[in-house]
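Chemist: Supplied in structure tokens, the structure appears directly below.
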Amino acid sequence: MIRGIHGLFYSSEADAMRAFIRDKLRLPFTDTGEGWLIFDLPEGDIGVHPLDENGLPPSGTHDVSFYCDDIHGTVAELRSRGVRFDAEVADHGYGFVTYFTMPGNVKVQLYEPKYQKREAKSTAKRDRAPSRTVRRKRAATRRR
């Protein structure tokens, strides 16, 4: 069962970009060694957009955005950490949007959605130890 999404940014300044995400955006991370940081976000979503009337962006294009609950507060907080924004906050219909550029000239969108996100299901059941019945079935399967 798919339970998440792993996104990638490619940057000519990978170390600087990792430091930017760690220090400026302050996203939680796992250090996998040798400078490789994997950033852990508490939730995510995927949208599928049509091409515009000119066939753009090209089919197969990927995009990564960050979203927040209070765009003006988030922008102010990020600016206080030295993040520079490429545009003022604008209403794009689906939400309030702005952009900033990370090291390696990687431009990302930050938005406050106007739509209501579905609440995530509890992971409590997934994290529990298997029941005695499930353990018996697994043991029987291994003996075959």
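The values are calculated or read from the model by the stated rules, or taken from the named source; none is laboratory data. Fair warning: this is a prediction, and the values are worked out from it, not measured in the lab. Glycine gets a Cβ as well: all are built from the backbone with ideal geometry, and neighbour counts include every protein chain shown.
Chemist: Only one of these conditions is not met by Glu13: (1) among the charged types (D, E, K, R); (2) surrounded by 10 or more Cβ atoms within 10 Å (Cβ to Cβ); (3) over 15 Å from Lys107 (Cβ atoms). Which number is it?
Modeler: (3)
Chemist: Within region 119-127, is there a residue that is surrounded by 11 or more Cβ atoms within 10 Å (Cβ to Cβ) and either modelled with pLDDT of 90 or more or under 21 Å from the mean Cα position of the chain (by Cα) (or both)?
Modeler: Start the filter on region 119-127 by keeping residues that are surrounded by 11 or more Cβ atoms within 10 Å (Cβ to Cβ), which leaves none.
Within region 119-127, none of the residues are surrounded by 11 or more Cβ atoms within 10 Å (Cβ to Cβ) and either modelled with pLDDT of 90 or more or under 21 Å from the mean Cα position of the chain (by Cα) (or both).
Chemist: Test of understanding: among Val75, Val106, which residue is out of contact with any helix residue (DSSP H, G or I) (no Cβ under 8 Å at 6 or more places or on another chain), β-branched (Val, Ile, Thr) and under 24 Å from Met17 (Cα atoms)? Before the answer, list the steps.
Modeler: Numbers: Val106 fails: out of contact with any helix residue (DSSP H, G or I) (no Cβ under 8 Å at 6 or more places or on another chain).
Going through Val75, Val106 in turn, the sole match is Val75.
Chemist: Could you please tell me which pairs satisfy a Cβ distance under 8 Å, a separation of 6+ or placement on different chains, a first residue in region 10-37 that is among the acidic types (Asp, Glu), and a second residue that is surrounded by 11 or more Cβ atoms within 10 Å (Cβ to Cβ) and assigned to a loop (DSSP other than H, G, I, E, B)?
Modeler: Glu13/Pro103; Glu13/Gly104; Asp23/Arg81
Chemist: I would also like to ask the following. For region 1-15, which residues satisfy the criterion of being closer than 19 Å to Leu78 by Cβ and part of a helix (DSSP H, G or I)?
Modeler: none
Chemist: So, one more: Any chance region 57-75 includes a residue that's within 15 Å of the chain's Cα centre (by Cα) and hydroxyl-bearing (Ser, Thr, Tyr)? I'd like the intermediate steps shown before the answer.
Modeler: Initial filter on region 57-75 (within 15 Å of the chain's Cα centre (by Cα)): 62-69.
Now narrow it down to the ones that are hydroxyl-bearing (Ser, Thr, Tyr): 65, 67.
Within region 57-75, one or more residues are within 15 Å of the chain's Cα centre (by Cα) and hydroxyl-bearing (Ser, Thr, Tyr).
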